[in-house]
Amino acid sequence: MGEPPDITEDAPELLIPPAPEILVPAAPPMAASVPVWRRLFMPDNSAPLIRTKKRKWALGSLWFFGGGGYLGASALFGWFAWAGLSMPDISPLWAPETTPVIVILDRHDRPLLKTGGLEAKPVILSELPMTLPNALIAIEDKRFYDHPGFDIIGLSRAMSENIKQGRIVQGGSTLTQQLAKNVFLTRQQTMKRKTQEIMLAVWLEHRMTKTEILEAYLSRVYFGGGTVGVESGAQRFFNKPAKELEIGEAALLAGILQAPDRLNPLKNRKASAERTAQVLYKLRDQNYMTQTQMHAAMNEPIMVEPFQVRNLSSARYFTDDVLQQTDDMIGAPRGDIVIHTSLDSKAQKAAELAVAGGVNTQRNAQQAALIAFDGMGGVRAMVGGASYEHSPYNRAVKAKRQPGSAFKPFVYLAALKKGYRPWDIYADKKIDIDGWQPGNFTNKYLGDMSLEKALALSVNTVSVQLSEDVGRDNVVSTANMMGLPGLKPYASLSLGAQEVSLYDLSAAYVPFANWGKRVTPYSIEAIYGADGAVLYERKAPASEQLLQRETLGQMNMMLRTVVERGTGKRARLTGREVAGKTGTTNDYRDAWFVGYSADYVAGVWVGNDDNTPMSRVTGGTIPAQIWHDFMEVALEDTAFTHLPTARRPVITQSPRTLEMLLADIEKELP
């Protein structure tokens, strides 16, 4: 709507009509039948009507603006008074700060990592490059020097955005509120905690100068993984004191604070670079630097040189992941903690040796990752790359790549659930799906074959036909049921053309090994404080049967054939029943093998970070060999256990013996 017109002195005189005459009728006689008690509450009609209306309006206004306002103010005062009754002790603000001691143990209580226990050096603002506090203010709290501890504009904006999104996407907390929360309060998301946070922030602003607040904040800010304070952060990421930080380095540190794990430059370089650019833009937007300075900083490479800790744990990919999960579960540790995990140190060592022995630079297979689970979903081994010292990026958990034919078991599982059988016959032939004509790895067609043979040979055309016959939506729902959500019902999904992580894909195979039970993958069993207090304890989920015995047996029968005579022969283990599936993507960019025994499920990925092709590396070569080398050691102390499998019929639609079938499969392998 437009602005109302101005009424100036030059406006024409307004003509106000005379007040109309008000006629007041005589009061009717009171009926004799009306009780006396009711007369007391009936309106006095002898009074002028206009006065009655005015009196009601006046009383209503008084109540609404006076009584209602009084009640509202009283309620607000009472709320703050109630919240203030349980305010925390404020002495920790001035207590000497040390980084918490964090001890991570494997499943047998063998130490994996001990970190922390160092002094968190206090910050003197005048000794820091001004870019650091300026970057912090620009990205986190641009009205820092103007507000009394809380920012009503920021809170209103955050509330509006949260309502619009239907979830909490912004917090609206000032730096002073964040300091109050980090030092005094828990991570519990309640109105009472938020009220206390605001009250403490106002108190801090009253007791401290803005400079002192910034110094306290920078001395105690949390960078994840037990790293407390900007001095520790500068050492962790740049191996230098904070006073020597360059503009880009200061912007990177300030940007990390929004999500210390996701924006960690050692683990997610792209996300960290984008966040750093955002901080630099904010510095320019709020006149902390010129356009020329911003462009110069944008174009200056930031060299991340992490401080090298002596005696690195061999399970650093795993312990990094555990530290990040700990931050999510309990927040920044307030004291020393002990974390009990599911990892098996012996299996971990076997995994590291297998990956190191499998990486082959001569075939341009420069990276590899391995993840192993037990039947309950507990992580037993995790290797996120060829060398943690060279690259801490965890490819087992964070990288998403196309799994190729390693996804096909979920297509076949969807078919078995619909009543198909391993010995049903399909034709390997040229097909066309809306103009898409998928071919086979061997570039030839083999004619009629059983589903078991098609899976063992990883025939693409049969997988696509099966997906179309069963229904793509059924394939998607089956994969989701097994632990692979978010997939789209595209025709190419049957060939594994949508990205997944090695962690998720391998965990989705676990029900094949554990008699068809649903699992929720996990790494942390429990977290204890130094005083023995339980800070977190995993609760085993209720058992849920996903797969019927017959369906599970048929699936395992086919996947055992893949290893015994199919594309996964290199994964065979003497004296063990094992099953699995290979996967290779276009141009040999990714190679996978995911397999299992009755005790372990393990997945292996081999490829390159820059997605360049390898030299004819398929899932049945290096990945299957790495898997074999790992499982041979991991299983050596476990008793032999059968996989649940189904019996083949004596007479099938393909009247050949099993030996003939397996020989035929082996003959057709490339």
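The values are calculated or read from the model by the stated rules, or taken from the named source; none is laboratory data. In this text, all values refer to a predicted model and were calculated from it rather than measured experimentally. Counting neighbours? That spans all protein chains shown, and the Cβs are built from the backbone with ideal geometry, glycine included.
Just a few scattered comments:
- Under the condition of being closer than 30 Å to residue 539 by Cα, crowded, with 17+ Cβ neighbours inside 10 Å and touching a strand residue (DSSP E or B) at 6+ places or on another chain (Cβ under 9 Å), the residues counted in segment 353-395 number 17.
- Within segment 515-569, the residues that satisfy the criterion of being farther than 30 Å from residue 452 by Cα and among the β-branched types (Val, Ile, Thr) are 524, 527, 534.
- Filter result for residue 256 (under 17 Å from the mean Cα position of the chain (by Cα) and modelled with pLDDT of 90 or more): yes
- A single member of 424, 428, 504 is of a type in the set (D, E, K, R), over 19 Å from residue 586 (Cα atoms), surrounded by 14 or more Cβ atoms within 10 Å (Cβ to Cβ) and assigned by TED's automatic domain parsing to the domain that holds residue 383, and it is 504.
- Where residue 531 falls short, out of the listed (1) in a loop (DSSP other than H, G, I, E, B); (2) within 22 Å of the chain's Cα centre (by Cα); (3) under 30 Å from residue 338 (Cα atoms): (2)
- Segment 314-342: number of residues that are over 20 Å from residue 220 (Cβ atoms), among the charged types (D, E, K, R) and surrounded by fewer than 24 Cβ atoms within 10 Å (Cβ to Cβ): 1
- Members of segment 528-561 found to be among the charged types (D, E, K, R) and either farther than 20 Å from residue 323 by Cα or modelled with pLDDT under 95 (or both), listed by number: 531, 539, 544, 549, 550, 560
- Residues in segment 565-588 that are surrounded by fewer than 24 Cβ atoms within 10 Å (Cβ to Cβ), outside any loop (DSSP other than H, G, I, E, B) and modelled with pLDDT of 95 or more: 569, 570, 588.
Here is a yes/no grid of residues against (1) surrounded by 13 or more Cβ atoms within 10 Å (Cβ to Cβ); (2) polar (S, T, N, Q); (3) over 22 Å from residue 593 (Cβ atoms):
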| position | (1), (2), (3) |
| --- | --- |
| 444 | no, no, yes |
| 455 | yes, no, no |
| 459 | yes, no, no |
| 477 | yes, yes, yes |
| 481 | yes, no, yes |
| 491 | yes, no, yes |
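- Count - residues of segment 494-517 that are in contact with a strand residue (DSSP E or B) (Cβ under 8 Å, 6 or more places away or on another chain), of a type outside the set (Asp, Glu) and on the phi < 0 side of the Ramachandran plot: 13
- Subset of segment 443-470 [in contact with a strand residue (DSSP E or B) (Cβ under 7 Å, 6 or more places away or on another chain) and among the acidic types (Asp, Glu)]: 448, 468
- Residue 197 fulfils the conditions (1) modelled with pLDDT of 85 or more; (2) in a helix (DSSP H, G or I); (3) within 26 Å of residue 122 (Cβ to Cβ) except for a single criterion, (1).
- Extreme residue, surrounded by the fewest Cβ atoms within 10 Å (Cβ to Cβ), among residues of segment 244-270 that are of a type in the set (Lys, Arg) and part of a loop (DSSP other than H, G, I, E, B): 262
- The single condition from (1) assigned to a loop (DSSP other than H, G, I, E, B); (2) farther than 17 Å from residue 456 by Cα that residue 619 fails is (2).
- The residues of segment 399-418 that are within 30 Å of residue 383 (Cα to Cα) and not in a helix (DSSP H, G or I), listed by number, are 399, 400, 401, 402, 403.
- In segment 561-570 there is no residue that is over 19 Å from residue 411 (Cβ atoms) and among the hydrophobic types (A, V, I, L, M, F, W, C).
- Only one of the numbered conditions (1) under 29 Å from residue 565 (Cα atoms); (2) of a type in the set (Asp, Glu); (3) not in a helix (DSSP H, G or I) is not met by residue 525, and that is (1).
- Unmet criterion (only one of (1) touching a Lys or Arg at 6+ places or on another chain (Cβ under 7 Å); (2) surrounded by fewer than 24 Cβ atoms within 10 Å (Cβ to Cβ)) for residue 203: (1)
- Sole exception among (1) in contact with a Ser or Thr (Cβ under 9 Å, 6 or more places away or on another chain); (2) assigned to a helix (DSSP H, G or I) for residue 603, by number: (2)
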